[in-house]
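A short worksheet on the structure shown next.
The values are calculated or read from the model by the stated rules, or taken from the named source; none is laboratory data. Bear in mind that the values here come from a model prediction, so they are computed numbers and not experimental data. Here the Cβ positions follow ideal geometry from the backbone for every residue, glycine too, while neighbour counts run over all protein chains shown.
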């Protein structure tokens with residue numbers, strides 16, 4: 001599914017819309033795109049829609065930021081600086097993938113086979129000052145989200 005995001009506001013709105021569509025069980029989103037493509041902006045829109053009122057920063061140096069919203073753990077990963085995918089074992093990745101967590105993973109390709117398959121892949125790419133966005137459903141839950149977005 002292709003979307004055109006004219007500006008930062010559109011990116012925040014997409015994050016908010018997807019936040020409302022995510023199922024209550026464990027759901028994983030991989031965010032792909034170059035530096036500055038809008039991955040953290042998307043995440044900020046998603047988190048704000050779920051009730052987060054504080055700052056949302058990319059966890060480039062900490063690798064993961066945790067939020068507990070509506071009794072649901074949300075984990076925002078940024079694997080850009082990950083040197084070896086085996087480092088994910090030291091993070092205790094399996095502990096983050098609980099029965100109802102929402103995981104948002106930037107630079108998921110850095111995690112290699114240590115990451116489980118996502119439910120949804122969102123790829124953001126530059127188009128002048130706008131963004132072209134591709135959403136790819138990988139699981140049945142991801143398909144439900146994409147189908148709802150198309151309506």
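Would you confirm whether any residue within segment 30-40 is under 11 Å from the mean Cα position of the chain (by Cα), part of a helix (DSSP H, G or I) and under 13 Å from residue 124 (Cβ atoms)? Yes, segment 30-40 contains at least one residue that is under 11 Å from the mean Cα position of the chain (by Cα), part of a helix (DSSP H, G or I) and under 13 Å from residue 124 (Cβ atoms).
Considering only residues in segment 41-56 that are in a loop (DSSP other than H, G, I, E, B) and in contact with a helix residue (DSSP H, G or I) (Cβ under 8 Å, 6 or more places away or on another chain), the one that is nearest to residue 146 (Cα to Cα) turns out to be 50.
Just so you know, in segment 91-130 the residues that are in contact with a strand residue (DSSP E or B) (Cβ under 6 Å, 6 or more places away or on another chain) and over 17 Å from residue 39 (Cα atoms) include one that is surrounded by the fewest Cβ atoms within 10 Å (Cβ to Cβ), and it is 100. Criterion first (free of Cβ contacts under 8 Å to residues at least 40 places away in the same chain and assigned to a strand (DSSP E or B)) does residue 105 satisfy it? It is false that residue 105 is free of Cβ contacts under 8 Å to residues at least 40 places away in the same chain and assigned to a strand (DSSP E or B). I'm checking my understanding of the structure. Among residues of segment 73-99 that are under 15 Å from the mean Cα position of the chain (by Cα) and farther than 14 Å from residue 29 by Cβ, which one is modelled with the lowest pLDDT? Step by step, filter segment 73-99, then rank; the result is 80. Residue check: residue 121 meets all listed conditions (1) assigned to a strand (DSSP E or B); (2) over 13 Å from residue 29 (Cα atoms) but one, namely (2). For the condition in contact with a helix residue (DSSP H, G or I) (Cβ under 9 Å, 6 or more places away or on another chain), in a helix (DSSP H, G or I) and over 27 Å from residue 1 (Cβ atoms), residue 94 does not qualify. Considering only residues in segment 57-90 that are part of a loop (DSSP other than H, G, I, E, B) and in contact with a helix residue (DSSP H, G or I) (Cβ under 6 Å, 6 or more places away or on another chain), the one that is surrounded by the most Cβ atoms within 10 Å (Cβ to Cβ) turns out to be 79.
In segment 4-17 there is no residue that is under 17 Å from residue 69 (Cβ atoms), in contact with a strand residue (DSSP E or B) (Cβ under 6 Å, 6 or more places away or on another chain) and either without any contact (Cβ under 8 Å) to a residue 60 or more places away in the chain or surrounded by 23 or more Cβ atoms within 10 Å (Cβ to Cβ) (or both).
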